[in-house]
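A short worksheet on the structure shown next.
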Amino acid sequence: MSKTSLAFTLAALFTSTAFASAQTLEIGIGHQSTVTNTVPGGVILEKLQLLEKHLPKTGKYAGVNYTLVYQDYTSGPPITNQMLAGKLAFGVMGDYPLIVNGANFQKTGKNESRFIMVTGYNLKGTGNAIVVPVASDVFTVEQLAGKQLSTPVGSAAWGMSLKVLRDKGIYDKVEILGQAPPVGVANIAQNKIAAHADFCPWSEVMEFRGTGRKIFDGSEAGIPTFHGTVVRKDFAEEHPEIVQAYVNATMEAQGWIEKDPLNAAVKVSEWTGIEKEVLYLYFSKGGISTFEGSMKPQWVEALKYDHGLLAKEREIPPLDFDKWIDTSFVKAGFKAAGKDYEAAVKSVVTSKPEDAALPSAEVWFEDGLKTYASIKEAAEAVKAATKAGKKVNASYVYDKATGLKLFGHVAFYVEAGGKLNAFMKKGDAEAFASSAKGKLAAWSDIAV
Amino acid sequence: MLARTMDPAETHGTAAPLQVVSPPPASAEALAALQHSRPEKLKGWAAVHAVLASPALPMRWARRILALSLGILWWHLAVKYQLNVIVKFDNVSSPAEVWASFIKHINGKMYFTHVGVSIRRIAIAYLFACAIGIPLGLLMGRSRIINDFIMPYVEILRPIPAVAWIPLAILMWPTEESSILYITFLGALFPIILNTVAGVEQTPEVLVRAARSLGAKQRQIFRHVVLPAALPNIATGLAVGMGVAWFSLLAGEIISGQYGIGYFTWTAYHLIKYPDIIVGMLSIGLLGTLSTLGVQAATKPFLRWQARAR
């Protein structure tokens, strides 16, 4: 290349970037498509192009070309890293990574982040769970004493594990290893680790694939778990209209899941590779997650508890929660959608045992979903379908003890008084069987 | 003496087989003697230049330390004034923060556990890489048939980054420890094989023929001609392999879950602790350098014949 042509190219390059910066606005969004609670803030926006619908096009944004950059990660910290580097404006992540994000931004003393909305939640903490290999002889957390438990360090599942091991008095008897979801999931499948604790949807993925079995559900720790969105403060101050558009679009995505959970499960599965049957367990009515954005006092309380644990265990810097949590955008979003924000703050969806508003069982056949008034009917239907060569995607029942939604094929059953009862945990099933003089059964006994 | 020590970071072990450069005819010591014999006193810049350019060993070390100090000073200033020209320093930890974090860690026991576990992994993986890589390289260098059977594997597997091996390493090996050792071993193996092959292949054929015509048997030729000729390259391969082993180790230790300097760095990333991340990075760099120097020192006695031959 000659000198003149080089100079020409460089000049062209500079003018083109200068031209571009006057016309285009880049919006970077870091999300985690495989983490179920975050999908309304990331992959759904991207695939349904919801953000484009809400972005401002008038006033100072007239004629602006938006470039949306969606970056997909498997955990929150890399997103925080990108946000600190100024490359991403928004980040969607779980409760613990959110705190690490806020505290590290505050520590820089130059910029901060704002926690603007929740993308999905479970009040009692289901989504996080401790799983053992399916063939393991471990059925309770206490039996983990003297064994190894792996978990992604700094995640909500890690926090839950520390709490439960302390509560059970076996904290110093269990060796805790730090392992990312793919590593832990592979180790469970290979039977190479006694237990693995992970966040949504990995425990259910392991159950569905038949490699793992839950021995502890996050709900037993009683700390809410949720995912939400943070935005860089400098970006929010410069472009509050875009932050508002993002919040409104996320709310639309949440509504899209709620309106047709089955369709949402199929679509999100196509986009992310997470099994649709697992996603339906999260999305459906009575399922694990609720996708609603308001900032409830329970969330703030949980965040403070989580921060205390992180500060104590891993010296995470302080965080000013009052400054960090900014509800103005989500309030405006509710108003724009004609919804009552205060009412939403007060109402929390959570599972309760023997909820009369829900069917006893659901079966997802290849040609559609059917609901049943009893587990027995559902089991018979599955049996008949299998005999007829029809494929059954999954079946769903509710834990009699807690009301949690479960896969039919992983639950423990007790037949008592001509009625089938489902349990998540073997111990609960055995206790019920002896008190109700019932008979223990497995899915293979009743539906195959 | 070794004329040029290969910098492992520079080659990443993925470069083409390395050749050892012959030393210049006049040794450094002779040059030094020559300069010191000049009686006249130098003044001003000339004097500074003379000191800076002095080939004496203490001076060389002084220059190295000066170079590192300048780098740290630049790092300090770049962070202090928040340099933002293409690369941004505004959120990078300062040398002082990293130092404070380092001091905190060396006052605890955990850091040494991490380092100790990593050193043990390196030692085991590296010994396996030597035990397999050198004989294999020698055979490949001497036999075209063996070369044709093995080289395709070496060439295909060599560019695969250590992190890409993680899922399969977990799947294939019975324990976590063996998965990590395997990933580290692979890093060290290829530079050792390739340099050994190159060393054998560059044995002057004239020497081989001379030995043969003097009645040497195949085994004697191998022992007295081929092996010594290949030694400088093998030494280079060993040094490069050690460097690559260290940076493969980080990938391996992502799955370790508990100990190791790579795990330490990885966990620090997951809690966004930049000073700790840098402590981990520099620890790996320093340990890598020290162990490479160790390898060079250990191979030096085998290269003495070179000095005599020249």
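The values are calculated or read from the model by the stated rules, or taken from the named source; none is laboratory data. Keep in mind that what you see is a predicted model, and the values were worked out from it rather than measured. Every residue, glycine as well, gets a Cβ built from its backbone with ideal geometry; the counts of neighbours run over all protein chains shown.
Things worth noting here:
- When each of B:ILE255, B:ILE261 is tested for being closer than 20 Å to A:SER155 by Cα and crowded, with 24+ Cβ neighbours inside 10 Å, the lone residue that passes is B:ILE255.
- Flag if A:GLU362 is part of a strand (DSSP E or B) and surrounded by fewer than 19 Cβ atoms within 10 Å (Cβ to Cβ): no
- Taking segment A:181-273 and the strands (runs of 3 or more DSSP E) fully enclosed by it, the elements with 2 or more residues that are touching a Cys at 6+ places or on another chain (Cβ under 9 Å) are at A:225-232.
- Residues of segment A:365-397 that turn out to be surrounded by fewer than 16 Cβ atoms within 10 Å (Cβ to Cβ), in a helix (DSSP H, G or I) and hydrophobic (A, V, I, L, M, F, W, C), as a count: 1
- Residue in segment B:281-291 that is without any contact (Cβ under 8 Å) to a residue 60 or more places away in the chain, among the aliphatic types (A, V, I, L, M), within 14 Å of chain A (Cβ to nearest Cβ) and out of contact with any Phe, Trp or Tyr (no Cβ under 9 Å at 6 or more places or on another chain) present: no
- Meets criteria (within 14 Å of another protein chain (Cβ to nearest Cβ) and either modelled with pLDDT of 95 or more or surrounded by fewer than 21 Cβ atoms within 10 Å (Cβ to Cβ) (or both)) for B:GLU201: no
- Of the candidates B:ALA216, B:ALA210, the single residue that is without any contact (Cβ under 8 Å) to a residue 24 or more places away in the chain, outside any helix (DSSP H, G or I), surrounded by fewer than 19 Cβ atoms within 10 Å (Cβ to Cβ) and in contact with a helix residue (DSSP H, G or I) (Cβ under 9 Å, 6 or more places away or on another chain) is B:ALA216.
- In segment A:303-324, the residues that are assigned to a helix (DSSP H, G or I), among the aliphatic types (A, V, I, L, M) and touching a residue at least 40 places away in the same chain (Cβ under 8 Å): A:LEU303, A:LEU309, A:LEU310
- Being farther than 30 Å from B:ILE261 by Cβ and either within 28 Å of the chain's Cα centre (by Cα) or not assigned by TED's automatic domain parsing to the domain that holds B:PHE222 (or both) is a property that B:ARG63 lacks.
- In the set (1) out of contact with any Gly (no Cβ under 6 Å at 6 or more places or on another chain); (2) within 14 Å of chain A (Cβ to nearest Cβ); (3) at pLDDT below 90; (4) assigned to a helix (DSSP H, G or I), the condition left unmet by B:PHE222 is number (2).
- Flag for A:PHE291 being under 16 Å from the mean Cα position of the chain (by Cα) and surrounded by 14 or more Cβ atoms within 10 Å (Cβ to Cβ): yes
- Residue within segment B:172-181 that is assigned to a helix (DSSP H, G or I), in contact (Cβ under 8 Å) with a residue 40 or more places away in the chain, more than 14 Å from chain A (Cβ to nearest Cβ) and touching a Leu at 6+ places or on another chain (Cβ under 6 Å) present: no
- Selection count, segment B:243-269, where residues are part of a helix (DSSP H, G or I), facing another protein chain (nearest Cβ under 10 Å), at pLDDT below 90 and within 24 Å of B:LEU171 (Cα to Cα): 2
- In summary, B:SER93 fulfils each of the numbered conditions (1) away from chain A (no Cβ under 14 Å); (2) touching a Pro at 6+ places or on another chain (Cβ under 8 Å) with the single exception of condition (1).
So that you can scan it fast, the table gives a plain yes or no per residue for (1) crowded, with 24+ Cβ neighbours inside 10 Å; (2) modelled with pLDDT under 95:
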| residue | (1), (2) |
| --- | --- |
| A:TYR61 | no, yes |
| A:ASN81 | no, yes |
| A:ALA85 | no, yes |
| A:LEU98 | yes, no |
| A:MET117 | yes, no |
| A:GLY125 | yes, yes |
| A:ILE130 | yes, no |
| A:ALA135 | no, yes |
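- Residue list for segment A:152-210, filter: at the interface with chain B (Cβ under 9 Å from one of its Cβ atoms), aliphatic (A, V, I, L, M) and either in contact (Cβ under 8 Å) with a residue 24 or more places away in the chain or surrounded by fewer than 18 Cβ atoms within 10 Å (Cβ to Cβ) (or both): A:VAL153, A:ILE176, A:LEU177, A:ALA180, A:VAL183, A:ALA189, A:ILE193
- Boolean, A:GLU238 is in contact with a Leu (Cβ under 7 Å, 6 or more places away or on another chain) and either more than 22 Å from A:ASP326 (Cα to Cα) or of a type outside the set (A, V, I, L, M) (or both): no
- Close pairs from segment A:420-445: first within 17 Å of A:GLU354 (Cβ to Cβ) and free of Cβ contacts under 8 Å to residues at least 60 places away in the same chain, partner assigned to a helix (DSSP H, G or I) and of a type in the set (Phe, Trp, Tyr), Cβ under 9 Å, at least 6 apart: A:ASN421/A:PHE432; A:PHE423/A:PHE432; A:GLY438/A:PHE432
Rundown of residues vs (1) over 22 Å from the mean Cα position of the chain (by Cα); (2) at the interface with another protein chain (Cβ under 10 Å from one of its Cβ atoms), yes/no style:
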| residue | (1), (2) |
| --- | --- |
| A:VAL64 | yes, no |
| A:PRO77 | no, yes |
| A:ASN81 | no, yes |
| A:ALA85 | yes, yes |
| A:VAL92 | no, no |
| A:VAL100 | no, yes |
| A:ALA103 | no, yes |
| A:LYS110 | yes, yes |
| A:MET117 | no, no |
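- Residue that is nearest to the chain's Cα centre (by Cα) [pool: residues in segment B:106-158 that are of a type in the set (Phe, Trp, Tyr) and surrounded by 15 or more Cβ atoms within 10 Å (Cβ to Cβ)]: B:TYR126
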